[in-house]
Amino acid sequence: MSSLQQLSATKDAKVLMVGAGGIGCELLKTLALSGFQDIHIIDMDTIEVSNLNRQFLFRQLHVGQSKAKVARDAVLRFRPHISITPYHANVKDSMFSVDFFKQFNVVLNGLDNLDARRHVNRLCLAADVPLVESGTTGFLGQVTVHMKGKTECYECQPKPAPKTYPVCTITSTPSKFVHCIVWAKDLLFAKLFGDKNQDNDLNVRSSDAASASEHTEDVFERRKDEDIEQYGRRIYDHVFGYNIELALSNEETWKSRNRPRPIYIRDALLDKPALQNGNVNKSCIFEDKSSVSAMTSLGLKNPQDVWSLAENSRVFLEALKLFFENREKEIGNLSFDKDDQLAVEFVAAAANIRAASFGIPLHSLFEAKGIAGNIVHAVATTNAVVAGLIVIEAIKVLQKDADNYRTTYCLEHETKKMLLMPIEPYEPNPSCYVCSETPLRLEINTRRSKLRDFVEKIVKAKLGMNFPLIMHGPALLYEVGDDLDDDMVKNYAANLEKVLSELPAPVTSGTLLTVEDLQQEFSCHMSIKHREEFDDEKEPDGMLLSGWTAAPLVEKDDKKAVGNGGSTSNAFAADLVDSEKDGDVEISEGTDIEISGKKRKLCDVSKDPIPDPLSVSDETRNHKQLEKFDVDDDDDDDEVEMFDDWESASNKKKRLR
Amino acid sequence: LTSSIQRVLSGLNLLLIPLHNVELCSIRLKIRMDGEELTEQETALYDRQIRVWGADAQRRLSKSHILVCGLKGTVAEFCKNIVLAGVGSLTLVDDRVVSEEALSANFLIPLDENVYSGRTIAELCCDSLKEFNPMVRVSVEKGDWTSFGVELYEKFDVVVISCCSLATKKSVNGKCRKLSKRIAFYTVDCRDSCGEIFVDLQTYKYAKKKREETTECQLQYPSFEEAISVPWRVLPRKVSKLYFAMRVIEQFEEAEGRNTGELCIEDVPGVSKLKKELCEANSLNESYIPDALLERLVGAKEFPPVCAIIGGILGQEVIKAISGKGDPLKNFFFFDAMDGKGTVEDISNPNNGS
């Protein structure tokens, strides 16, 4: 193997970096030092204070500016003569076409979400440009080389999807703090401050459905001229007191569960309303809207403190009051933002009160914010190590040293004496619907499901296509685009509302559909099979896609919820993992490490079909995060378990050599 | 549960205020070891890493003092990492003036002769490092650090040295060990696309947490001198070849009176000859130290990706030692980009081992 330090390999190379965050900063620096002279970098984000603990190319004064541009300027200071082209844009934008990607010798990802990674993966396959993928979470990290035809692509192996919870767990039977957070954020906060027209499962169904529905219309609306303090208390008593009483009236639910305790404001605060007001600094003036804070107003200094029920209750009321007093215009349009201090305070307080009601341990604002905001823990050192590993692989790619490509894991604990563990790449998965020609299979009720359902739940949600085109033979059933004429648009809109078997080119059992996304230059085939019945719990969408490698994670209720909102079997998207705009960390990379052990057990590729979507263990990064704070958590320790069959794995035929 | 909480609290001279029933079962008590809290600024800046190692660890970091001697690319990486982590202070020692080699792998030094001319490497690195985190006190210590007195080391909790002779490694390590205060000692060297870290935490006690249990652990580290005196034939067969190769080069430089990094291609025959002698003296088969490996290491510049990797691992280790969280590595770490493995080797006398 020729020397990695040879300048010739790097000085003429043109590389594309996607992401200028935690990994990106370290990577750009190392590339520049290693002799690369033509680097392009895409990042749509701007700099935030919480980035500064590791994204060392940025300073306090840069907060709010484009990451790609500031990173470039910083690196030019110590390597003024190299070319760095920044793009403050979303990599999914159509300007980053296949032709754009084709100009590079190698693409280096430093992304933090599954969606963008899949997108880049597809474009690199279409452009036939090698891709070096990477990710970090805390002390864990991973670097992988993807080369079309030679190694598996990013989507050949299952990637865990965001964690979801059954609706009833959130609305009626929470057992973990995270359930309370989801309730507080996606139900209560959304109801009070978000779009009023949105459907909301906030109100518990009582046994007497009729009375409940009438009541619910007005309860959350602030009445005309209602005193804000009174409004707050009324809401408090309704959700923490009345609704709990209502839930308790449903005997079946609580047969084998701990009963929650209704909490009313008069009990929680233990003192008269008048006294309570006296504690609040009425003349607390906030410098600007962004510094409005219930904590400051109440004199609660430390976000790491676990507040008492009384304190949480005060924060709840104070936050609500401050929203109405200082940010009234935003009410009705607000969505939860982890960087919105007041929103975080409100959600943390509400979640804690609910937790107290259900006997779940309370958490500090710091912890609650992490859970509600899907914050991923991150440090500089892991990113630095990963950046070094990326550049080493990139140089191998440029030297066309395919035999030496490695996937390298950064481990927190030594395994076989190693903290950095390289393994040989896997061959492409011949059943991968992204990089191979094998068709997917879809079971669906063609007489009941509409084209719209198919497009939303399968094409967009599962296949990750943004601008789909669906064909049945030569017939165009649906497409999205700017250049469509009105007739076509009308036609497609009509098609969406038709059931599959009644489309102009009817889709029935045995039909083979072609589904494409022109922007990603990605095309796949799907064979349709009609099925009458689907299991509400296991297949809530009424469809079953196979040959597709990612599996949704649904947390199962420990006990069967009998007759308690049971008909809504929609999984509740907790948003707990994924699409973290904050930083550079990729959840699935953390869990990748756990499931890759299962990769090795896949049968000999030539003969057997892909097994059913793997049931991945509950090791989301969020649980790892929770573990660190001693949260009551029944998940297994996240020791790397995969290397039991390390020796036999190296003999596996599937490996590249 | 109530009574045990009361006992603990009364032991700490605190009043137990009667709590509402609901609160009693849902509150988790957090007893702070020291009174200081992190400032609002620290909490905001360090948010993401506090979620990794906790607020207590962050507080300990903010009180720690690090001494770094010998600034090349790898050490520059290390310094960046610990400044970002938020240590209390970082003291840099390197009186050399800027050279082409110094610039090649060190991103802390701007490529502007107007800026770097006439200034030492330590001074230039100091200016850049300060920018990464205004809350860390970064300063320069002048002088020949290879002959600093014992007293100087007392100010520090961690000492990291690089680019020095075998004699200096032993001597500085010895001084750190002489003090009653326990100082964590590290050496780090990168040559070509390889890197080595040595760790000496002396007697290190820490709490190891696994699931529900916390167990007290104790590790006993040998000094550098003790470690390298372990006879080669006694070491396990699969010990990283890099360990032996580095020792050969170390001894060659010492024997020939050469500075680190001054070796060049012409020295290869001499190094190879020394290797043969050492292998014979140690009853070790020559194949354990391939000439090809020695050639790579002789006179080779640092390779920036390896600087990033080694600097990252070293940063991690120092953070662990200061915070008392996480299993520190014992006692050598090796990385070779050729095979991509980052390996921990325990080079210690089995009788004295932990």
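Spread over its residues, the convex hull of the C-alpha atoms of segment A:440-546 is 91 Å³ per residue. Could you please state, rounded to a whole Å, how far the C-alpha centre of segment A:87-109 is from the C-alpha centre of segment A:357-390? A separation of 30 Å, based on Cα centres. The mean count of C-beta atoms from other chains within 10 Å of the C-beta of residues in A:103-114, rounded to a whole number, is 0. The distance separating the Cα centre of segment A:159-190 from that of segment A:442-496 comes to 31 Å. If R0 equals 35 Å, the separation of the Cβ atoms of A:Asp12 and A:Glu521 corresponds to a calculated FRET efficiency of about 0.85. Could you work out the local net charge near B:Glu266, counting Lys and Arg as +1, Asp and Glu as -1, over the other residues with Cβ closer than 15 Å to its Cβ? So the environment of B:Glu266 carries a net charge of -4.
Mean per-residue shielding of peptide A:419-427 is 3, counting Cβ atoms of other chains within 10 Å of each Cβ. For peptide A:297-307, the mean count of partner chain Cβ atoms within 10 Å of a residue's Cβ comes to 3.
Neighbour counts of C-beta atoms inside 10 Å place A:Met526, A:Met465 in the sequence A:Met526, A:Met465, starting with the fewest. Over segment A:21-124, the hull volume per residue, using the convex hull of the C-alpha atoms, is 96 Å³. As a rough footprinting exposure proxy, the listed residues A:Lys150, A:Lys301, A:Lys396 were ranked by other beta carbons within 10 Å of their own, and the order from fewest upward is A:Lys301, A:Lys150, A:Lys396. Annotation: peptides B:78-89, B:300-311, ranked by per-residue average of other Cβ atoms within 10 Å with the highest first, follow the order B:300-311, B:78-89. Within the listed set B:Tyr186, B:Tyr206, B:Tyr221, the Gaussian network model of chain B (springs between alpha-carbon atoms below 10 Å) gives the highest mean-square fluctuation for B:Tyr206.
Structural size metrics of segment B:185-302, computed from C-alpha coordinates, are Rg and Dmax of 17.2, 59 Å.
Just need the relative contact order of segment A:137-207 here, percent rounded to a whole number, with Cα pairs under 8 Å and 6+ apart. In percent, rounded to a whole number, it is 20.
Rounded to the nearest 500, what is chain B's calculated 222 nm mean residue ellipticity when only DSSP H runs of at least 4 contribute -39500 (n - 2.57) each, over all residues?
Counting only the DSSP helices, I get -12500 deg cm²/dmol.
Label separation (A:Lys400 vs A:Lys92): 3.7 nm, computed from points 7 Å beyond Cα along the C-beta direction. Packing here is the average count of other Cβ atoms within 10 Å per residue, and on that basis the peptides A:154-166, B:101-113, highest first, run A:154-166, B:101-113. For chain B, DSSP calls about 60 percent of its internal beta bridges antiparallel.
Averaging the sequence gap over all C-alpha pairs within less than 8 Å and six or more residues apart, then dividing by the number of residues, gives chain B a relative contact order of 19 percent. The listed peptides B:149-159, A:177-187, B:330-340, B:245-255, ordered by packing as a protection proxy, come out as A:177-187, B:330-340, B:245-255, B:149-159 (highest mean of other Cβ atoms within 10 Å first). Residues B:Ser283, A:Ser335, B:Ser165, B:Ser348, ranked from the fewest to the most other C-beta atoms within 10 Å, line up as B:Ser283, A:Ser335, B:Ser165, B:Ser348.
Other residues within the sphere of radius under 12 Å centred on the Cβ of B:Leu284, judged by their own Cβ, net out at +3 (K and R +1, D and E -1). Computed over neighbours whose Cβ is under 14 Å from that of B:Glu225, the net charge equals +2, Lys and Arg +1, Asp and Glu -1. Of all DSSP-defined beta bridges confined to segment B:62-138, some 10% are antiparallel rather than parallel.
A short reminder: the numbers here are calculations on the coordinates, not readings from a lab. Not measured: the values here are computed from a predicted model. Counting neighbours? That spans all protein chains shown, and the Cβs are built from the backbone with ideal geometry, glycine included.
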